[in-house]
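Q: For reference, the structure I am asking about is given below.
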Amino acid sequence: MDLYRERGFDQTTVAEIAERAGLTERTFFRHFADKREVLFGGSAALVELLVHSVTDAPDGFSPIDAVASALSAAGALLQGRREFARQRQAVITSNPELQERELIKMASLAAAVAGALRQRGATEPAASLAAEAGIAVFRVAFERWVNGPESRPLPEWIDESMQELRGVITAR
């Protein structure tokens, strides 16, 4: 992250990352496919957490309640990584290619959550709508958490954003 901030993402090489980390390039490539994976390497764990949390939600939960529960679990997981999240987000924001990759990651999260909702018995379009809305809530809450001056916990931002969504839906 320091190299990305100092030199910019495009100007930073794998060799520089490996050297700064005290690794060989070969060791770097054992852990990451390329330098982007330093930023996106945790995506699979996030997908797994969201899917398991949706799947394990209580039987009486509606699709959106199962998603809200999963998002709270994700927020709790990420909570201790706020400074890393801020740095990561700054790197992504400064690079259109990385912004595109982040959007693809979010679409993958929504697809995985929708699949988990269907496994729970949710029908279409309810599964897709709840998943997409949930990921939108997550993105808004995450952005407020990393960019805001307050140090409120991410799960609080997620809960507040979910309540905002519910208010928008029920407003007449």
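Q: Of all residues in the range 32-75 being modelled with pLDDT under 95 and aromatic (Phe, Trp, Tyr), which is surrounded by the fewest Cβ atoms within 10 Å (Cβ to Cβ)?
A: That would be Phe32.
Q: Ok, one more. Hey, among the residues in the range 136-172 that are aliphatic (A, V, I, L, M) and more than 13 Å from the chain's Cα centre (by Cα), which one's farthest from Leu103 (Cα to Cα)? Please lay out each step first, then the result.
A: Going through the range 136-172, the residues aliphatic (A, V, I, L, M) turn out to be 136-137, 140-141, 146, 154, 158, 162, 165, 168-169, 171.
If we keep only those that are more than 13 Å from the chain's Cα centre (by Cα) too, we end up with 162, 165, 168-169, 171.
Numbers: Met162: 20, Leu165: 20, Val168: 24, Ile169: 24, Ala171: 29 Å.
Taking the candidates together, the pick is Ala171.
Q: Sort through Glu16, Glu83 and tell me the only one that's among the acidic types (Asp, Glu), in contact with a helix residue (DSSP H, G or I) (Cβ under 7 Å, 6 or more places away or on another chain) and assigned to a helix (DSSP H, G or I). Let's see the steps before the verdict.
A: Values: Glu83 fails: in contact with a helix residue (DSSP H, G or I) (Cβ under 7 Å, 6 or more places away or on another chain).
Answer to the check: Glu16.
Q: Moving on. Tell me which residues, restricted to the range 19-54, are touching a residue at least 60 places away in the same chain (Cβ under 8 Å) and assigned to a loop (DSSP other than H, G, I, E, B).
A: Hit for the range 19-54 is Arg36, nothing else.
Q: Just checking, which of Glu143, Glu124, Glu132 is under 17 Å from Val54 (Cβ atoms) and exposed (fewer than 15 other Cβ atoms within 10 Å of the Cβ)? Break it down into steps so the answer makes sense when it comes.
A: Details: Glu143 fails: under 17 Å from Val54 (Cβ atoms); Glu132 fails: exposed (fewer than 15 other Cβ atoms within 10 Å of the Cβ).
On inspection, the qualifying residue turns out to be Glu124.
Q: From the list Ala116, Ala110, which one is part of a helix (DSSP H, G or I), of a type in the set (A, V, I, L, M), touching a His at 6+ places or on another chain (Cβ under 9 Å) and touching a residue at least 24 places away in the same chain (Cβ under 8 Å)?
A: On the way: Ala110 fails: touching a His at 6+ places or on another chain (Cβ under 9 Å).
Sole residue among the options that is part of a helix (DSSP H, G or I), of a type in the set (A, V, I, L, M), touching a His at 6+ places or on another chain (Cβ under 9 Å) and touching a residue at least 24 places away in the same chain (Cβ under 8 Å): Ala116.
Q: Next up: For the range 87-102, which residues satisfy the criterion of being of a type in the set (D, E, K, R) and exposed (fewer than 14 other Cβ atoms within 10 Å of the Cβ)?
A: The first filter runs over the range 87-102 and keeps only residues of a type in the set (D, E, K, R), leaving 88, 97, 100-102.
Once the filter is applied, which keeps residues that are of a type in the set (D, E, K, R) and exposed (fewer than 14 other Cβ atoms within 10 Å of the Cβ), the range 87-102 yields Glu97, Glu100.
The values are calculated or read from the model by the stated rules, or taken from the named source; none is laboratory data. Please read all numbers here as calculations on a predicted model, not as lab measurements. Please note: Cβ atoms are built from the backbone with ideal geometry, for glycine as well, and neighbour counts cover all protein chains shown.
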